[in-house]
4 protein chains.
Amino acid sequence: MTTAPLRIGLIGQKFMGRAHSNALGQVERFFDLPRKPLAKVVCGRDAEELRAFAERWGWERHTTRWRDLVVDEELDLVDLVTPNHLHGVQAIELLKAGKHVACEKPLSHDIETAREMVRAAKQARGRSFVWFNYRRCPAVGFAWNLIQSGRIGRILHVRASYLQDWGGPETPMSWRFAKKTAGSGALGDLGAHSVDLARFLTGDEFTQIHGAHGKTFYPERPLAGAKKKVGRSNVDDAFAFIASMKGGALATFEASRVAGPHQNDNTIEINGELGSLRFCFEDMNRLQFCDAADGHREGGWRSVMCTSAGDHPYAENWWPDAHGLGYEHTFVNMLADIVCALGGREPKLPLPDFEDAYQTQRVLAAAQIAAKEGRAVKLSSVR
Amino acid sequence: MTTAPLRIGLIGQKFMGRAHSNALGQVERFFDLPRKPLAKVVCGRDAEELRAFAERWGWERHTTRWRDLVVDEELDLVDLVTPNHLHGVQAIELLKAGKHVACEKPLSHDIETAREMVRAAKQARGRSFVWFNYRRCPAVGFAWNLIQSGRIGRILHVRASYLQDWGGPETPMSWRFAKKTAGSGALGDLGAHSVDLARFLTGDEFTQIHGAHGKTFYPERPLAGAKKKVGRSNVDDAFAFIASMKGGALATFEASRVAGPHQNDNTIEINGELGSLRFCFEDMNRLQFCDAADGHREGGWRSVMCTSAGDHPYAENWWPDAHGLGYEHTFVNMLADIVCALGGREPKLPLPDFEDAYQTQRVLAAAQIAAKEGRAVKLSSVR
Amino acid sequence: MTTAPLRIGLIGQKFMGRAHSNALGQVERFFDLPRKPLAKVVCGRDAEELRAFAERWGWERHTTRWRDLVVDEELDLVDLVTPNHLHGVQAIELLKAGKHVACEKPLSHDIETAREMVRAAKQARGRSFVWFNYRRCPAVGFAWNLIQSGRIGRILHVRASYLQDWGGPETPMSWRFAKKTAGSGALGDLGAHSVDLARFLTGDEFTQIHGAHGKTFYPERPLAGAKKKVGRSNVDDAFAFIASMKGGALATFEASRVAGPHQNDNTIEINGELGSLRFCFEDMNRLQFCDAADGHREGGWRSVMCTSAGDHPYAENWWPDAHGLGYEHTFVNMLADIVCALGGREPKLPLPDFEDAYQTQRVLAAAQIAAKEGRAVKLSSVR
Amino acid sequence: MTTAPLRIGLIGQKFMGRAHSNALGQVERFFDLPRKPLAKVVCGRDAEELRAFAERWGWERHTTRWRDLVVDEELDLVDLVTPNHLHGVQAIELLKAGKHVACEKPLSHDIETAREMVRAAKQARGRSFVWFNYRRCPAVGFAWNLIQSGRIGRILHVRASYLQDWGGPETPMSWRFAKKTAGSGALGDLGAHSVDLARFLTGDEFTQIHGAHGKTFYPERPLAGAKKKVGRSNVDDAFAFIASMKGGALATFEASRVAGPHQNDNTIEINGELGSLRFCFEDMNRLQFCDAADGHREGGWRSVMCTSAGDHPYAENWWPDAHGLGYEHTFVNMLADIVCALGGREPKLPLPDFEDAYQTQRVLAAAQIAAKEGRAVKLSSVR
């Protein structure tokens, strides 16, 4: 395996561009890596903004044409933080050009494109990654460890909700509210994380969507900058579905952009025969764990602070116990794992590739069919 | 309206018989009532147990034949705490005999019987009541007050789950695990409370079940007393469904008997445009309330202790602020309201009658059809 | 030991009179007792109120002269819920007359009287009890069990606070705000419970008060019914002190009547070498327990619902798991234990007698001296 | 005011050296600053470690002689993260050499040295800063804003505890356990933060220590690397004291290194006549706020997520709402304010200088005297 520097390009420079650039700036400070990551080139649409962005975050070069990165001989890995409908075309071209690709979630805005992305990834020399960053909260990684080692036994329930509150009627129209660009609303934006966490933590796959429903509470939204005109939102502001998993678990999901006071409440609870786990991102440094063996006498949710070196994934890379981490650290942790994977080392936790993310996308697609057609949908029918 | 004593009979003497008898013993001590409730006669199947029960709880007489109560000229109100499949035959005969009937929830084990009960109640001289006791937690009543006065605005989300943990594979077979006697499992036992709370709090009705699913994790259960034989459970150990309400809310429901460490976790959250509410029975003296007007700057869940006389329903009947109440008080509060209603006074909060409980039953029935047939079901099709 | 009925008298009929009368009404319903408690006579100052009170709570007779109870041949046990300064004279006369006495806490308004009460109790035929009712929360009893069985090891910290919020400047003058009648303010009213819990749970005694301070934030209070006149409060609205215990623990205490939003927040936390415990009365059905053996990896506060029959004290007498109890149950539980003790049975948990409560009183007295004189005070100097 | 780059040196390279170096690496990415901070030189004792440290964190040069920094013409600001007893000699020489000095807390190991440091700071051209970093949690800053704007009114209670659990008997001897180097144990290490927060948030000063006590539970500790020998710890493992503030508040403090399961539980609660605030670092992104105007009916602790741009200090520099921050951000926020202060701009929140930190040190010193002498100590007597 090569130990050559890992030359990185980034397409996108908004919120996610910042989060990823920060990860790149921090990763070497907190992790010992097999390859040195280099911030080579960033691509964005607004040249002026882009210049400032590149300077602030230490990108060597910048361009407003994303295909420059496709043909750039100097790049090993390209990181995509563009709107969902662009993931496909960009990832496929990049993979064909031999790059490794790390793509923001969800994999794509529709299942067909996602399928093509998987095909391209299979045929490519480079590797693919998808930024399901919440896997990299130490508390989530620890939950994975507990489940892997059999601590909660056969899983009976998965209960996931991802609730935010920014989607009220005053929020202006954007690509996130258009099916064409986003594919779906809360479902793909938030529910995708929940489905990934459910699959990741249980190590299990979905077999059936028993029912689903989405609501567009606010079909009209103001156009930014325009006083009287309104834009048409045609995606779900909130979405819920019920599913079964192969191992038999009953799984429920809800995603919403209009569920205040939840602001970024990515919660998942898993009840097994031997124990239960509960994670809520708004209290991200803790895992709630119940060992059923404690019984009613001494048992209940244990509030575990997941910051102890040696005990909890990534904790040894950061600060002493209970000197908590924040949102941004999930990206640093994941980038460290990507660099490890590309340097021949095992990542600390499994990394989702396009194939993996495609399984999540199939669940979302099945849920959308179930909602549209008002019927149960078998996962085997969605490919 | 009469102010004559209210002569009460009770059919059933197990857990619920105890809870109701206690309510009868306590209600006059804490409430000033228009009629004096009298514990006249209790009916149960085990004569010996019954005698001790009657003595302990102050019942004047006891009998092992429930029809004795039907023909008992001395009774004004009969309280039914029998298994679900007996509610119908007993309530109908009692109503025909001119008694008031207070029936444990759910209304019945099937929708057909429930419908007949409603018909009987409509034709009867007596009044009907159904023991959806959780309405009578002061925190729930306060939530109702807040919603009634418009404090949370248009409702977007209802999110209800009722999770317990006693239904593991060692729990022996009983009427609660047989469709014939119970009608359903967690759905009718726990979900009925959730649906009632959703309807009560929102003042809204369901229009459609979008999907539903139940799981019988443990189809075989030990027979109490028998070493090798097993009983067949044919009801759901856990059940989930998704619904819409007339006002447009997306409503999700989950009930489980196998979701430890939740023991009696009857939780409902309602998100509106102007605010949100959250109640969890395991912390029953508090209501979580968010006034959206507080904004992100100063807002969030307010943890409101619902024990202040004048501020919170029933609080003035009990103890000083934060000298909390427990499970049993919900029954005392409800009995007080029943006695008030039968004495010509307004109850503090609306009381569910058979017609009201039938609307809840329709939701449960629609959810069962949706689960069985794997499709969305309109409430208008279930009558 | 006699199994004769236990004939009970009560002096006082306000808030505490209600709580104790309720306990008397309930205790036989939920406990199997060696003697039948009988509500014989209640004493209060307002004859009219008293008549209604007696009727409501089932007292056979009533009187406005407390000495009637001293000479009443028909009484076995007299329950005192009078203001603190009356405890002494009443208890001593009653004990001398051969009655058992159950006295509200604190033992008295001053240490001298308390000492005399102990002397009287030692010389008496009857037994003495003091209503430190919080010992009888199942969660507190369970904490005692855990500590007794060595589960938290050597105790390093006791941290107790009892915070309420009703003592603002609008609260009218009453006996509770006068040193003459109450002895102290928050210290004796609330801090007494904290000291009792600390002594009860640890099984340890205090050796020294290292420092103490009380504040009278509102020395002037309105006189009830009088518009312009003000009463002089000369007791502490808030009080704090630091102590050492024989076993070496550092113990801190704070009591306040002006610490909103705490309404009845009686909290105690104990940190030992092998584990920690935390109880808060505003969440009275739970105990927070940390087993240090769980380590940082899997450990943390366990939120234990203390309602399981067989597992938690008194739970078998009430309702199923997580069908919670309230404030009033602490009195029923304690009365059951008193009746057991007077019927020759072991109480479920140790009962505080005058001697025991006197040790608590010595701590309060030492804290008052420390506050007044601005110096450390050894417990051995306060007798 | 100059806009020249700010050339920075750092003395110390352990845990705190990392936290400060990280702040330096991040500050320009998230803040627009009047001067460009430059990482010029780092000083540590272990040359080999130091080289790696300097490389990892981007320090231009490194040295093992701290006086090199005193005479370094190229430095504007020197950051001290050395053991407490070195703060004085280093800060004084640096100030005399015209440097700005940012010193870790507490100001010094003893009050005499602290006084000299203040004198030096007053005579110096450079400015002084002390790293009371917890002021820079957005939730703490927001609490300060609320108090400043009168939202909680007259303050009655300050209740602070800083509890950790790493100080058990297996923890080896270090400078932190020796009075000579640390000055005190939990008091100066943890209590210093509590006292600073109390002073900062209330804007008030202490007038008297009413009592204090420290415990050395483990006077013997293993020597790192030595099997049989033990070191003598002569500092407090836990410390508590009670104080009054000028405005009349009763203030209680407790610090411990042996209070598991608390790991880094820096909690402060302030109760005022118009409201209350509560902050706990283990849930650092939230502030609990109670507006007394909400009353018992609708009021209680509001759980405020302090991450909204414009609403909460520093939030606009980081991530969207509820995409939480961690421990390290407190240092970045503070460094940004230091650079602003040195560039002629107002810091977002007041910065503690040596004079300010000296007031905190006086409180600690008075508490130590009170503990030693077993008596109340007026602050006016400690200078």
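The values are calculated or read from the model by the stated rules, or taken from the named source; none is laboratory data. Because the structure is predicted, anything quoted here is derived from the model rather than measured. Neighbour counts run over all protein chains shown; Cβ positions are idealised from the backbone, glycine included.
Below, the figures for the structure above:
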item	result
Any hit, the range B:234-257, residues being at pLDDT below 95 and more than 14 Å from chain C (Cβ to nearest Cβ)	no
Test result for B:THR202, touching a strand residue (DSSP E or B) at 6+ places or on another chain (Cβ under 6 Å), away from chain A (no Cβ under 14 Å) and of a type in the set (S, T, N, Q)	yes
Hits in the range A:278-321 - residues which are among the aliphatic types (A, V, I, L, M) and under 19 Å from D:GLU282 (Cα atoms)	A:MET284, A:LEU287, A:VAL304, A:MET305, A:ALA309, A:ALA315
D:LEU94 being assigned to a loop (DSSP other than H, G, I, E, B) and under 25 Å from D:GLY44 (Cβ atoms)	no
Qualifying residue in the range A:343-359 (condition: small (Gly, Ala, Ser) and more than 20 Å from A:LEU197 (Cα to Cα))	yes
Residue in the range B:133-141 that is assigned to a helix (DSSP H, G or I) and under 21 Å from B:ALA182 (Cα atoms) present	yes
Residue count for the range A:105-129, restricted to those that are in contact with a Leu (Cβ under 6 Å, 6 or more places away or on another chain), surrounded by 21 or more Cβ atoms within 10 Å (Cβ to Cβ) and either at positive phi or not in a helix (DSSP H, G or I) (or both)	1
Residues (charged (D, E, K, R) and either within 14 Å of chain D (Cβ to nearest Cβ) or under 24 Å from A:GLY214 (Cβ atoms) (or both)) located in the range A:258-274	A:ASP265, A:GLU269
Residue check, D:ALA52 within 14 Å of chain A (Cβ to nearest Cβ) and either under 21 Å from D:HIS193 (Cα atoms) or hydrophobic (A, V, I, L, M, F, W, C) (or both)	yes
Residue match in the range C:314-329 (condition: of a type in the set (D, E, K, R), touching a Cys at 6+ places or on another chain (Cβ under 7 Å) and over 20 Å from C:GLN148 (Cβ atoms))	no
Those strands (runs of 3 or more DSSP E) lying entirely in the range D:275-352 with at least 2 residues buried (at least 20 other Cβ atoms within 10 Å of the Cβ) and within 14 Å of chain A (Cβ to nearest Cβ)	D:286-291, D:301-305
Spans of helices (runs of 4 or more DSSP H) in the range B:1-79 with at least 1 residues over 22 Å from the mean Cα position of the chain (by Cα) and over 25 Å from B:LYS105 (Cβ atoms)	B:15-30, B:47-57
Residue tally, condition more than 10 Å from chain C (Cβ to nearest Cβ) and in a strand (DSSP E or B), over the range D:357-382	0
Residues being within 14 Å of chain C (Cβ to nearest Cβ) and part of a loop (DSSP other than H, G, I, E, B) - total across the range D:173-192	1
B:LYS14 vs. criteria within 22 Å of B:ARG176 (Cα to Cα) and either modelled with pLDDT under 95 or in contact with an Asp or Glu (Cβ under 6 Å, 6 or more places away or on another chain) (or both)	yes
Subset tally (residues that are closer than 23 Å to D:THR330 by Cβ and not basic (Lys, Arg)) for the range A:283-326	23
The one condition in (1) within 16 Å of B:LYS215 (Cβ to Cβ); (2) in contact with a Ser or Thr (Cβ under 7 Å, 6 or more places away or on another chain); (3) surrounded by fewer than 24 Cβ atoms within 10 Å (Cβ to Cβ) that A:THR202 fails to fulfil	(2)
Within the range B:269-301, tally of residues that are among the polar types (S, T, N, Q) and touching a helix residue (DSSP H, G or I) at 6+ places or on another chain (Cβ under 7 Å)	1
In the range A:218-238, residue nearest to A:MET173 (Cα to Cα) [restricted to those that are surrounded by fewer than 24 Cβ atoms within 10 Å (Cβ to Cβ), in contact with a strand residue (DSSP E or B) (Cβ under 6 Å, 6 or more places away or on another chain) and of a type in the set (A, V, I, L, M, F, W, C)]	A:LEU223
Residue list for the range D:187-225, filter: over 17 Å from D:ASP356 (Cβ atoms) and small (Gly, Ala, Ser)	D:GLY211, D:ALA212, D:GLY214, D:ALA224, D:GLY225
